[in-house]
Every structure is written in C-alpha cells, then in structure tokens.
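K.L.:
Attaching a single structure in structure tokens format; questions to follow.
Please treat every number below as a calculation from the coordinates, not as lab data. Keep in mind that what you see is a predicted model, and the values were worked out from it rather than measured. With ideal geometry, Cβ positions are generated from the backbone for all residues, glycine too; neighbour counts draw on all protein chains shown.
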There are 2 protein chains.
Amino acid sequence: MTSTLQERIENPFLRSKVVPVEEAVKHIADGHTIAISGFTKSGEPKTVLPALAYHFSQTAPDSRITLLSGASLSEDVEGPLAPYIRKRGPYMSSAASRKRIHTGEMDFTDVHLSAFARNLMYGFYGEIDVAVVEVSRIRPDGSIILTSSVGVSVEALARAKKIILEVNTAVPNYTGFHDIVLPTVHPKVGWPLPLVNVRDRIGTPYVEFDIQKVVAVVESRTPDHPVPFKAADATDKRIAQNVIAFLLQCKEQFDWGKRLPPIQSGVGNVANAIIGELYDSPFQKIRFWTEVFQDGMLRYIEDDAKFECASSTAVSFSAEGRQRFQHLFDRCRDRLVLRPMWLSNSPEIISRLFVIAMNTPIEVDMYGHVNSTHIDGSRIVNGLGGSGDFFRNAYLSIVHTPSTRRLRDGRTVSCVMPYVRHIDHTEHDIKCVVTEQGYALNMDIRSPKRRAIDIIDRCAHPHFRPLLHAYLKMAGPGDEPRATDMKSLESWWADYEAACRNFPAPAAPAAYSGE
Amino acid sequence: MTSTLQERIENPFLRSKVVPVEEAVKHIADGHTIAISGFTKSGEPKTVLPALAYHFSQTAPDSRITLLSGASLSEDVEGPLAPYIRKRGPYMSSAASRKRIHTGEMDFTDVHLSAFARNLMYGFYGEIDVAVVEVSRIRPDGSIILTSSVGVSVEALARAKKIILEVNTAVPNYTGFHDIVLPTVHPKVGWPLPLVNVRDRIGTPYVEFDIQKVVAVVESRTPDHPVPFKAADATDKRIAQNVIAFLLQCKEQFDWGKRLPPIQSGVGNVANAIIGELYDSPFQKIRFWTEVFQDGMLRYIEDDAKFECASSTAVSFSAEGRQRFQHLFDRCRDRLVLRPMWLSNSPEIISRLFVIAMNTPIEVDMYGHVNSTHIDGSRIVNGLGGSGDFFRNAYLSIVHTPSTRRLRDGRTVSCVMPYVRHIDHTEHDIKCVVTEQGYALNMDIRSPKRRAIDIIDRCAHPHFRPLLHAYLKMAGPGDEPRATDMKSLESWWADYEAACRNFPAPAAPAAYSGE
C-alpha cells in the first residue's frame, strides 16, 4: 500500500518544495507557535518533530516553542521535543511533558477539544507561525489528503503563516476517508451543520489551503506508532455488562424500537470491553459517533447486520489492529468517516444525533461529580480531551469505572469518593454511574443526598460503603452537604487510609490507562 | 389591553371547558407530576397554583406532587404550594421551597435549562399527569398564544395526559411574539435548526397540541408579579466598565469590525449595570440572545441605531418596566422573539451565533472554577439555570462579581477564593473573570498556577490578595495544586476569618441577588 514520494506528490510546485527534514526544521525557531496534525498518536508528524528536537539540541538548546496538536502524540514524537516546549495544549499523554507540566516548566492548558479547535480558528491562541501536517497525498491542484487523523490539521493549515508538509509514503493513501469543513469565524455568519446521520458527508474529502505558504515538503517513511491494546479482564467485563443492562432498560423505557442511538466510546480496557459486549448484545445496526475508531470496532466492519457506520476524528490501532485495518481498508472507507475534531466533538451534532457517551474517569463522587484529569486533585494526567464535549451534550452520559483501583504501593483506593478533589464534569452532565458492582441513575428528580445513597449502595465497593455512608452522615443537613469540621474530616481520612490498606485481595486492576 | 374571556377564547370546544378554578384543581391529585408555564416569574399559572394549594390544604393536606416549571416562580405562586411539592425541578427562587429543600423534605434536581426541556420531552422525568399553562388567547382551531414566557410550556402541552389552560385576560394579547418549535425525540431523526440570525423565526407563533386533552379552562385576572429592579451602585458600574473594556479589547484583537456578537446577560444589578454601560459604549446595532428580556433593555427598543433585535424565553419587568413595556408593546413585537427555553438556551445556537455570555456567581476561585448555586458549598440558593448552557457554548464567557460581599453578620468575604466549595462551571468554560478591580483572561495557553496569580492580582480585593498568594504558596507544586495539609489549612482559614472581620469599610454590596 506504500508508494513513492513522486507518486504521492501530484502538484509540481509542492514537488519543488521537497527538502531533507534537516532543512525543513530550520523554519521553526525559538518563540514560535506551531500547530500540528495528530490525534491519539495517529497522523502525527513523525519525522519533522523528532528532527526539530535534534535541531534544537544541536543549534539552539534554549529554544522554547508553543505546541498545539489535535490530541495526544506518541512518546517517540513528543518525548524528545518536550524540553523545548514552553506552552502546550489541548491534550497530551507524554510522560516527558507531564513531568515538565508538574514542575511548572511547561504551561499546559486543558481545553474541551471542540472548543480548542474553534478557539484556534478564532485567534484566541494568537498567530500560528508554522503548521506541520502529515499528508498521504498531494493532489494536482495542491490540495491534500490527510492520513489517519484529522484533529486540528485543517485549522492549522488555514491559520499558519508557514506550512511544512510531511508526506508519509509508508501509510496507505487515505483518499475518500475524510470529510473536511472549517468552523466559521465571527463576524461571518455561522450556519447550521447539515448533518443528520452518522454517515452524512458535509464537506470535501481533501483540504484546500494557500499552497504559497508551504515552505517545505519532507518525506516520512514511519508508520503510525501502535497504541497498546489490553484485553478486558473480569471486572471490565462486568462493567460492560452493566452498561448493556442500562442500555436495554432505556430501550424499553424510552421506546427506542430497534434503533440504538450512536455510541461514543472512550479509550482503554473498559471501553474495549463495552465494545465487545455490545457486539454480543441484541442491538443491531450499531453506529459509532466517536473520537477514535479503534481495534475493538474492526470486527463490526465485517458484519453488515451488526454495524451500520462510524464517524471519528482518528483511527488508532495496535500493531495487530493495523494489519487487520489494512486488510479491511476498502470496507472501512465505505463505512467510516474521519472528520475535524471540532465536528467529531461538536455539541450541535452530538445533541442532534442523540449520542450515548461513555468515558472512564480517575474517580467519581457520591453526588456524581467526575474527576477525569487530576491525580490527588493536583497533578494532571492527560487532560479531559473530548469527555466534556460528549458528557454534556449526550442523550445519555455514562461514567464507568471499576469501584476500586490498586495503587503501585499495594493500597487499594475507592473510585467512588465522598468528593472528588478536582472536578471536570459536574453531576449535571452525568446520567448514569457504572461500576462492576452495578449502576446508579441521575436522570429523574432526586435530591443530591438520595442520589448519593444510591451511588454508594449500587456502585461503591462493599468494603468502602460503610465509610461513605459515615461521611454522608457527618456532612449533616443541606441539599448537597459537605463535611467541614476539620477534626472529623481528619479522622475520616485516617479511617479511609486504613481501609485502603486492609482491602481484601484480589483487588480490581488499574482503571485509568493514562496513569 | 385587557379583554373579556369570550374574546380571548375563539374555539367553541375549549369555551365549553371553562370552569371555576376550584373545579379545575380537582384534576390534580396526590402523586401527580405537573408541568407548568412560567419563567422568572413571568407567564406562570397565577390562578390555578394558589387555588391548588388551597384545595390541598382543605381536602388532602398529605398530598405531594412533582412540580416541573420553566424556571423560577413568584413567591405568591410557589410559596403556598411548597408544602405539597415532593419533587421540584429545574430552578426555583422561592424561600419556602428552598427551606424544604435544605431540610430534605423536597427533592430538587438542578439541571441545565436546555437539557431539562429536552429531558422532559425524552420522558426522563416519567409521565406528565397534568400541564397547567397560562395563555393569552385561544385561536379558532384551538391552538394557543402564550403570554410573557415560553419556558417548557410547549413540552408540557405535548407530553401531558391532561391539560388545564389558564386564560389571562389581564395581560396583553401576545400574538406575534413567539417562535414555537419542539425538540425532536429519538428514534426520530434530529434536524439542524435553520436559525442563523437573532431575529430569525423557525417555528409557529402559536402552539398546536391535542385539545381533547384539555380538562379545564379557567380565567385569570392577575397580571405577572413584578420583579424587583435595583439600580446599579458604584461597584456595579466599575464591573460593567471593566466588562466593556474587555469587549473593546476583543473587538480590536479579533477583528470584529463593527459587529458586536449577540449578548447574553444574566439577571441582577450587575447585569443591569452592564446593559446600561453597553448603551453608552461605542457599540451599535446591539443584539441580545438571552434568557430574559428585562427593564434595562427597554431603552434599546426605542433606539434603532443602538439596537437591532433580541431573543429570549421570557420578558420580566418591574412594575415600572411593565408600564413602559405596554407602551412599547408593538415596537417590542417587531424586535423581540420569545422562544422555548430549549431553543433560547440551545448549545447549537449559542455557539453558532457567537454569543457573549455573562453571569454573576456566588464565588469564583483563583483557578477560574465557578460556584453559581451553593452557599458554603452545601445549601442551594436557586439553581444554575441557563448559566452553564451559555458559559460552555459561548464565544466569550464572562463571570462577573464584586470582589467582596458583605454578609448580614457584618463580615465581608472574598468572592475570589482559593477554591470554591461547590463547582457548577469548571475553568474550561470561563474565558474572563471580572470584578470591580479589573479583569483576568483565561483564553490563551497558560498554566493554572499562572492563571491563579493573574486572577488574584487583577480581580481579588487588595485586602485579600496576600492571603490568596499565601494559599497558593502553601499548595506547593503540581499544575493545579491544592493545599492538603489539614493543620496549615485550618490555620489559613483562621487567618481568612480574621481578615473577613477586619475588612476596611465601606464594603461592597451584596453580589448575589438570590441570597
């Protein structure tokens, strides 16, 4: 499926811009803001960014840049560059960046992905000096075909003063996968997105932009770095079964008929388990409206009774998954649309399509508030990504987590807490909390206190339930009471710490893939 | 502007349903869920609800109902009924209800208003036994013209098993004000809302529904209860001036040209001050896309250079404002559209129109998180209403508050805190924090810690700044650090309490109108 650089570049002007990567990176300098392709390690500039890191290390080690991407990059790409990044947004999963964020050497801004793409277009992040975008093909008129992700590539190309294109000859020609539209910018008049079904296409399969801004074209021969795929364990499977039970209950209660609303599914082993259980469920003609099309969804592609279509902003696979994807490439192109992340995560579309959203948090609290990002409330893991776009605008929003999580030091903590120490999603946005213990609803008219009792009794691990009830009692009156007496709180935390140490084996596995 | 009941009811079948209110209320019984008209004390069923309270008190004092409204009702309407309300949503400002919510006698669910209206249609709140809706006119075919608000009246009429209409002969005939559309319900296909300008109308001026469900029609002669209007003081004015300064900065920075994006403005004295300052600003052809059209906006109606058009889900006036509104009734009808609250608060439209959102919180924290609802983090005041719909989806979201608030016990507290004790809006949704001291941005790439320093130095009152910096120092490393050492925290709070008592007079006025 690979081909030569000559075959991939059909425009003479851009062919004339081909240079060695060492030359290309000289266009990026200290103080620049660069916006790049890449989403969940797919379609990232795998050649230019490591070369840029090397360039800085050799010629200008004090350089500091602002790096804006779609979502996470692989460690191979972001790791070497991290020492030169002063500002970063809107999502990362790089250990090197995370460390620098925690020490304050790197400024990180956590933004809802749909908002980030719009803000970039609106100019809220200032001028974009250079865009670096991976492409699979340059068409005769200079317009380009992206690769395995869209993310903010289109905004980057539209806004940047200079452009570096990285033509990847090691990835397939993705012509026909993409649906490209740019957000409107005030004072132009915004328009309704004419998209009413998952498979609708409302834009072009290619990206048009000002090719005069291209300062360099380089070749890349590096395929996407594979993402790890972890099989579901028994706890994941029970969580998945509870999710399906909830969906089956809703199907009856809300007269869905045979039509399951489109599914958004996060990344990680619980998400994989749900995609697996869904396949074995009575639901047919399943549609995914999601951020990332991943390994577990590939079996759907082969089954036209089970599956109808999917839309995402990236495909992201394990090494084995990539083999299978390449084998199913043409079937995938007919059934899967890759869109800019402002569109895949658009509140307008998520709401209109009645998407069912599911994501794994770090922890939830008994009132239904969710911490998706900060360990101990202080140290960011990756960022919230699209979880808020989906939770807020979904028809049904499901937060799913094992009820406990075993830490490296041997303690087992509860993932259902009296309060979360950082809030990314308020209870208003959560309709159902699911653990391997069961599920609790937040859909009807119910006081926070009654909701709390329900979440404790249905979702918390039995080992921690008495402690959670004790907290609720200590919190006293009020409609969403919090304990404020410092002495009682201190004593509660001491009891909790003891319970974490005394948790009966075997513990549930780590829930949060990013940690 | 009033007329007889005969003139207002043009349909013979519905005219035959006219009964005394004492008869009408007998259709509502213990255990019922009733959904009613009414939004910010406008268009509420002012005759049926008090009569229902009296009916229960005389015949069935153990009755408990579920009451669903658009937003707040007046105390005259909700107060007498409060003892009989078991469950309440999605917003209230009744002292009687608030008290019962805090003691746990009434279950209250706080929901984003746009989501509430949709959830009601989706069936998430179960069957609606009776709808009670105020109307200004019944047309010959039985379709109705609403009054001064839309709220969830249309959803109530669509979903209820029985309907009671309250024909108000004391209010003007509002024909021509409304734009009525119902949300689509899965598994029907959702559609793009064809609305691209504030003044666009995409529905009908009347509500169509199944008139066979009408069990009673009653007359009401009570005009809307006036809402208090408080003139802006010096602090409010300084806040308003800072908001305008921020908007003028954005105008230049983001190339707005002459076009100010539509303004959403909350309720209260700061909001009034902003509407006043905006009138005196260089901005012309101002448009409001908001929840409530209120006193301060009336002068715009008379000035076609200053003002273009407005859209809201209610008009809500003081006694004096109502006089003026009636005088300007025809001009208002040409320039103002009243829509269902799922539409006035629609994420799709707020985002498309690039709305600038502004709301007053109870408190903000130095990281930008906002508490809009819970005093001391535990006791709800009114609910979040539409603040989340607007903050999240706005082009620019502004949270504005006096930097301090004087409590009844004489202490003066800081409205900029190290952490808010209840979070309704996370920092992701806030682009600008404004107090009378200045404004701080959360728009570019910046670590939470640097954002905190900025919010402290620009927005907090100088009296509290050293304490806030001390907290930040105590919080230590991490990208959004929180102090966790109980002893240090206890000591910090003691210092803070002392500072509240030692605040130099004169203190700023109370910021939160609901308290």
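K.L.:
Rg and Dmax in Å for segment B:266-406, alpha carbons only: what are they?
P.N.:
15.7, 46
K.L.:
What percentages make up the Cα-Cα pair-distance distribution of the protein assembly as shown when the bins are 10 Å wide from 0?
P.N.:
2, 11, 20, 24, 21, 14, 6, 2, 0, 0
K.L.:
Can you give the charge dipole size of segment A:234-501 about its Cα centre, rounded to the nearest 20 debye, using +1 on the beta carbon of Lys and Arg and -1 on the beta carbon of Asp and Glu?
P.N.:
Dipole about the Cα centre, nearest 20: 180 debye.
K.L.:
Here is a follow-up. Separation between the B:D233 and B:A170 pseudo-spin-labels, each 7 Å from Cα along Cα→Cβ, expressed in nm?
P.N.:
Each label point lies 7 Å from its Cα, and together they span 3.3 nm.
K.L.:
In addition: Return a whole-number percent for the relative contact order of chain B, with Cα pairs under 8 Å and 6 or more residues apart as the contact set. Provide the component values of the computation, followed by the final result.
P.N.:
Working: 1213 pairs, mean separation 71.7, N = 515.
Normalised by residue count, the contact order of chain B is 14 percent.
K.L.:
Got a sec? How would A:M121, B:M474, B:M366 order by Cβ neighbour count within 10 Å, fewest to most?
P.N.:
Working: A:M121 20, B:M474 17, B:M366 30.
Arranged by neighbour count, lowest to highest, A:M121, B:M474, B:M366 become B:M474, A:M121, B:M366.
K.L.:
Do the alpha carbons of any pairs in A:K161/A:K188; A:K237/B:K188; A:K17/A:K46; B:K41/B:K230; A:K251/B:K162; A:K46/A:K306 sit beyond 24 Å of each other, and which pairs? Could the numbers behind the result be given before it?
P.N.:
Working: A:K161/A:K188 21 Å; A:K237/B:K188 32 Å; A:K17/A:K46 19 Å; B:K41/B:K230 17 Å; A:K251/B:K162 26 Å; A:K46/A:K306 36 Å.
Among A:K161/A:K188; A:K237/B:K188; A:K17/A:K46; B:K41/B:K230; A:K251/B:K162; A:K46/A:K306, the Cα-Cα distance tops 24 Å for A:K237/B:K188; A:K251/B:K162; A:K46/A:K306.
K.L.:
Given contacts defined as C-alpha pairs under 8 Å and at least six residues apart, what's the relative contact order of segment A:5-220, whole-number percent?
P.N.:
On the way: 477 pairs, mean separation 55.8, N = 216.
Relative contact order here is 26 percent.
K.L.:
Sequence neighbours fewer than 8 away in the same chain don't count; with that in mind, list the lysines whose C-alpha is under 18 Å from A:K99.
P.N.:
In chain and number order, the partners are A:K87, B:K449.
K.L.:
Need one number: the % of Cα-Cα pairs in segment A:5-220 sitting beyond the 28 Å mark.
P.N.:
Considering segment A:5-220, 24 percent of its Cα-Cα pairs are separated by more than 28 Å.
K.L.:
Would you be so kind as to identify which of B:G476, A:A71, B:S97 lies farthest towards the positive end of the dipole of the protein assembly as shown, taking Lys and Arg as +1 and Asp and Glu as -1 on Cβ and the Cα centre as origin?
P.N.:
A:A71
K.L.:
Pull out a ≥ b ≥ c, the square roots of the eigenvalues of the alpha-carbon gyration tensor of segment B:161-268, then state rounded if a/c is under 1.5, prolate if not and a/b is larger than b/c, and oblate in the remaining case.
P.N.:
Details: a/c = 3.14, a/b = 1.52, b/c = 2.07.
In terms of gyration-tensor shape, oblate.
K.L.:
Can you list the residues, at least 5 places off or on another chain, whose amide H is less than 5 Å from the amide H of B:K87, using H built in the peptide plane?
P.N.:
Residues meeting the criterion, in which the H sits 1.01 Å from N, are B:I65, B:T66, B:L67, B:D107.
K.L.:
In µm²/s, what is D for segment A:44-83 at 25 °C and 0.890 mPa s, where D = kT/(6 pi eta Rh) by Stokes-Einstein and Rh is the Kirkwood radius from Cα pairs?
P.N.:
Approximately 235 µm²/s, per Stokes-Einstein.
K.L.:
How many angstrom lie between the Cα centre of segment B:90-106 and the Cα centre of segment B:360-390?
P.N.:
With segment B:90-106 and segment B:360-390 each reduced to a Cα centre, they are spaced 17 Å.
K.L.:
Something else now. Any idea how far apart A:T184 and B:A498 come out in nm if each label point goes 7 Å out from Cα toward Cβ?
P.N.:
Those two pseudo-labels are separated by 5.8 nm.
K.L.:
Now, a different point. Any chance you could run the full-extension gain for A:D200 through A:T103? It's 0.36 nm times the residue separation minus the Cα-Cα distance, nm to one decimal.
P.N.:
30.4 nm
K.L.:
About its Cα centre, how strong a charge dipole does the protein assembly as shown have in debye, to the nearest 20, once Lys and Arg get +1 and Asp and Glu get -1 at the Cβ? List each step's numbers first, then the result.
P.N.:
Values: 118 positive and 120 negative charges, 38 e Å.
The calculated dipole for the protein assembly as shown is roughly 180 debye.
K.L.:
Given chain B, what percent of its DSSP beta bridges are antiparallel, to the nearest 5? Write out the running numbers ahead of the final one.
P.N.:
On the way: 19 of 70 bridges.
Of all bridge pairs located within chain B, approximately 25 percent are antiparallel.
K.L.:
A follow-up question, please. To the nearest µm²/s, what D does Stokes-Einstein give for segment A:203-334 at 20 °C and 1.002 mPa s, using the Kirkwood radius over alpha carbon pairs as Rh?
P.N.:
On the way: Rh = 16.8 Å.
Diffusion coefficient, whole number: 128 µm²/s.
K.L.:
Once you wrap a convex hull around the alpha carbon atoms of chain A, what is its projected area averaged over all directions, in nm²?
P.N.:
On the way: hull surface 96.5 nm².
With every direction weighted equally, the projected area is 24.1 nm².
K.L.:
Cross-link candidates for B:K487: which lysines have Cα within less than 21 Å, leaving aside residues fewer than 8 places away along the same chain?
P.N.:
Filter leaves A:K487, B:K473.
K.L.:
Specify the angular offset, from 0 to 90 degrees and rounded to the nearest 10, of the alpha carbon long axis of helix B:486-501 from the longest principal axis of the alpha carbons in chain B.
P.N.:
Computed tilt is about 80 degrees.
K.L.:
Something else: Which whole number gives the average count of other chain Cβ atoms within 10 Å of the Cβ atoms across peptide A:94-105? Write out the running numbers ahead of the final one.
P.N.:
Values: counts 0, 0, 0, 0, 1, 0, 1, 4, 4, 3, 7, 1.
What the average comes to for A:94-105 is 2.
K.L.:
Going 7 Å from Cα along the Cα-Cβ axis for the label, what nanometre distances separate B:H327 from the same residue across the other copies?
P.N.:
Spelled out, the distances from B:H327's label point are 8.0 nm.
K.L.:
Then there's this: Viscosity 0.890 mPa s, temperature 25 °C: give me the Stokes-Einstein translational D for segment A:139-220 in µm²/s, with Rh taken as the Kirkwood radius over C-alpha pairs.
P.N.:
The diffusion coefficient I find is 172 µm²/s.
K.L.:
Quick one: A:V189, B:V152, B:V413, A:V267, fewest Cβ neighbours within 10 Å first, how do they rank? Walk me through the numbers on the way to the answer.
P.N.:
Values: A:V189 12, B:V152 33, B:V413 18, A:V267 23.
If I rank by nearby Cβ atoms, fewest first, I get A:V189, B:V413, A:V267, B:V152.
K.L.:
Another question, then. Based only on other Cβ atoms within 10 Å, what is the fewest-to-most ordering of A:L278, B:L384? All intermediate terms of the calculation are to be shown ahead of the outcome.
P.N.:
Values: A:L278 22, B:L384 27.
Taking fewest neighbouring Cβ atoms as first place, the list is A:L278, B:L384.
K.L.:
If you take the square roots of the eigenvalues of the alpha-carbon gyration tensor of segment B:348-424 and sort them as a ≥ b ≥ c, do you get rounded (a/c under 1.5), prolate (a/b over b/c) or oblate? Walk me through the numbers on the way to the answer.
P.N.:
On the way: a/c = 2.42, a/b = 2.01, b/c = 1.20.
In terms of gyration-tensor shape, prolate.
K.L.:
Non-local amide H neighbours of A:R446 (under 5 Å, H modeled in plane, Pro and chain starts lacking H): which ones?
P.N.:
B:T109
K.L.:
Please figure out what share of the DSSP beta bridges in segment A:5-220 is antiparallel and state it in percent, rounded to the nearest 5. Please list the in-between numbers first.
P.N.:
Details: 6 of 32 bridges.
Looking only at bridges with both residues in segment A:5-220, the antiparallel portion is about 20 percent.
K.L.:
Please compute the Kirkwood hydrodynamic radius of segment A:122-168 from all pairs of different C-alpha atoms, in Å with one decimal. Intermediate results must be reported in sequence, preceding the final value.
P.N.:
Details: mean 1/r = 0.0892 Å⁻¹.
Across segment A:122-168, the inverse of the average 1/r is 11.2 Å.
K.L.:
Using each residue's phi in segment A:120-130, evaluate 6.51 cos²θ - 1.76 cosθ + 1.60 at θ = phi - 60° and report the 3J(HN,Hα) Karplus result to the nearest Hz, with x for Gly and Pro.
P.N.:
Result, rounded to whole Hz: 4, 5, 5, x, 5, 9, x, 5, 9, 6, 9.
K.L.:
Moving to a separate point now. Got a sec to turn the phi values of segment B:149-165 into Karplus ³J(HN,Hα) couplings, 6.51 cos²θ - 1.76 cosθ + 1.60 with θ = phi - 60°, whole Hz, x for Gly and Pro?
P.N.:
Per-residue couplings from phi come out as 8, 10, x, 10, 4, 6, 4, 4, 5, 6, 9, 6, 7, 10, 10, 10, 9 Hz.
K.L.:
While we're looking at this one, here's another question. Once the Cβ-Cβ distance between A:S57 and B:D255 is put in as r, and R0 is 56 Å, what FRET efficiency do you end up with, to the nearest 0.05?
P.N.:
Numbers: r = 38 Å, r/R0 = 0.68.
Calculated value: 0.90.
K.L.:
Now for a separate question. Debye sum, Cα scatterers, segment A:234-501, no solvent: what log₁₀ I/I(0) at q = 0.10 1/Å?
P.N.:
Once normalised to I(0) and log-transformed, intensities are -0.52.
K.L.:
Here is a further query. If you take the beta carbon distance between B:D303 and B:R221 as r and set R0 to 30 Å, what does 1/(1 + (r/R0)^6) give as a FRET efficiency, to the nearest 0.05?
P.N.:
On the way: r = 34 Å, r/R0 = 1.14.
Approximately 0.30, to the nearest 0.05.
K.L.:
Please list, ordered by chain and number, the residues whose modelled amide H lies under 5 Å from the amide H of A:A232; skip anything fewer than 5 residues away on the same chain.
P.N.:
Under 5 Å from the amide H of A:A232: no residue qualifies.
K.L.:
Shifting gears a bit: Can you find, among A:G43, A:V399, A:F329, the residue farthest towards the positive end of the dipole of chain A? Put +1 on the C-beta of Lys and Arg, -1 on that of Asp and Glu.
P.N.:
A:V399
K.L.:
In whole Hz, what ³J(HN,Hα) sequence does segment B:61-67 give by Karplus (6.51, -1.76, 1.60; θ = phi - 60°), x for Gly and Pro?
P.N.:
Once rounded to whole Hz, the list reads x, 8, 5, 9, 10, 9, 10.
K.L.:
With a Förster radius of 51 Å, plug the Cβ-Cβ distance of B:Q6 and B:W191 into 1/(1 + (r/R0)^6) and report the FRET value to the nearest 0.05. All intermediate terms of the calculation are to be shown ahead of the outcome.
P.N.:
Values: r = 40 Å, r/R0 = 0.78.
Plugging the Cβ-Cβ distance into 1/(1 + (r/R0)^6) gives 0.80.
K.L.:
Quick check on segment A:356-473: of the DSSP beta bridges with both residues there, what percent are antiparallel, nearest 5%? Mind showing how you got there, number by number?
P.N.:
Numbers: 12 of 21 bridges.
Roughly 55 percent of the beta bridges in segment A:356-473 run antiparallel, per DSSP.
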